[in-house]
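Report on the structure given below.
The values are calculated or read from the model by the stated rules, or taken from the named source; none is laboratory data. Only a predicted model underlies this, so the values are computations on that prediction, with no experimental measurement involved. With ideal geometry, Cβ positions are generated from the backbone for all residues, glycine too; neighbour counts draw on all protein chains shown.
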Amino acid sequence: MSKKDHFIDLLVHDLAGPISIISTSTNSLLVKEQKYGPLTSRQRQTLERILRNTNKAQALLAEMVEIYRSEEGLFHCSNFLITDALNDAILDAVDVLNPTLSAKLAFIKKDDSFYRTLRENGISVECTGKYCQDPFYSDQKKVQQVLRNLISNALKYRKERVTISITGDSDLIIHVRDDGPGIPEEEIKNIFIRFGTLKGKAKEETKMPGFGFGMSCVKILIDVMGGEINVESKEGGGTCFIVRVPSLHLFSEKEALQ
Ligand SMILES: Nc1ncnc2c1ncn2[C@@H]1O[C@H](COP(=O)(O)OP(=O)(O)O)[C@@H](O)[C@H]1O
Ligand SMILES: [Mg+2]
């Protein structure tokens, strides 16, 4: 086992375990008042804040693990349903930004009523093409990480609406669109390298260290999967991220031919 493998193990077992216990215990206090006793509104608010931030830490940890795995060329490929990855990514993203909605969604079966509840909250999901039914062969955690990041940004910046569309008959094509403030043209080139520039002057100026990690992660994950990401955005006109991810079956065949 390399030094890095040990580091990943440490992150996964020694940090992810306790974080997950904090998250589930806090959630229990919030949703099982009959068992644990009633909460005052200030206690509830504080617990919700603990839960939101624990979920953020959990997401960041998962991201770091995937980045280390990517650097080591570690892939866990399998056939999986993209709708399963999408549903989990939506739940994760909603969890951090809207815990009340996430608590509601957690109890709904992942069928029409799940998508109806999302629609009622301004989130539309469209799935067409091959991967609506057929499994996609890739690293599910990496694909899910990409989806979670794009969806959580869209939810964070939207005015009202987020539309997620999954399509593609060979490569998987993902669109995540919002009606938020958009990204100024001159800023677009910076969003994927923000983490790099934050090491310098910008880091000293930011009030939120680690700010901008998400999109740099997305870019690395898509690169290692042999895909690409594009963004259509203009100030005041919303943002749409377009991702193409090839099936890793095809990717390894192509690599083998070179
Ligand atoms: N959907 C979006 N709408 C507007 N700006 C966005 C969107 N997604 C990303 N950005 C911009 O790209 C930056 C980098 O995104 P990200 O790495 O996810 O960092 P964070 O979510 O912590 O702000 C954001 O700070 C924001 O300026
Ligand atoms: Mg983000």
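Taking the conditions exactly as written (in contact (Cβ under 8 Å) with a residue 40 or more places away in the chain and of a type in the set (A, V, I, L, M, F, W, C)), does L118 satisfy them or not? Please lay out each step first, then the result.
On the way: in contact (Cβ under 8 Å) with a residue 40 or more places away in the chain: no; of a type in the set (A, V, I, L, M, F, W, C): yes.
In short, no.
Got a sec? Which of K110, K142 is at pLDDT below 95, in contact with a helix residue (DSSP H, G or I) (Cβ under 9 Å, 6 or more places away or on another chain) and part of a loop (DSSP other than H, G, I, E, B)? Break it down stepwise before answering.
Working: K142 fails: part of a loop (DSSP other than H, G, I, E, B).
Answer to the selection: K110.
Condition first: of a type in the set (S, T, N, Q), closer than 15 Å to V94 by Cα and over 15 Å from the mean Cα position of the chain (by Cα). Now tell me which residues in segment 116-162 satisfy that. So that I can check it myself, show each step before the final result.
To start, the set of residues in segment 116-162 that are of a type in the set (S, T, N, Q) comprises 117, 121, 124, 128, 133, 138, 140, 144-145, 149, 152-153.
Still in the list and also closer than 15 Å to V94 by Cα: 117, 121, 124, 144-145, 149, 152-153.
Scanning segment 116-162 gives T117, N121, S124.
Determine, yes or no, whether E48 is part of a helix (DSSP H, G or I), of a type in the set (D, E) and within 17 Å of the chain's Cα centre (by Cα). Please lay out each step first, then the result.
Working: part of a helix (DSSP H, G or I): yes; of a type in the set (D, E): yes; within 17 Å of the chain's Cα centre (by Cα): no.
No.
Among the numbered conditions (1) among the aliphatic types (A, V, I, L, M); (2) touching a Lys or Arg at 6+ places or on another chain (Cβ under 9 Å); (3) within 21 Å of I174 (Cα to Cα), tell me where L97 comes up short.
Unmet for L97, out of (1) among the aliphatic types (A, V, I, L, M); (2) touching a Lys or Arg at 6+ places or on another chain (Cβ under 9 Å); (3) within 21 Å of I174 (Cα to Cα): (3).
A quick yes/no check of all residues on (1) crowded, with 16+ Cβ neighbours inside 10 Å; (2) out of contact with any strand residue (DSSP E or B) (no Cβ under 6 Å at 6 or more places or on another chain); (3) not in a helix (DSSP H, G or I):
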position: H13; (1), (2), (3): no, yes, no
position: S20; (1), (2), (3): no, yes, no
position: Q34; (1), (2), (3): no, yes, no
position: E66; (1), (2), (3): yes, yes, no
position: N79; (1), (2), (3): no, no, yes
position: A89; (1), (2), (3): yes, yes, no
position: A93; (1), (2), (3): yes, yes, no
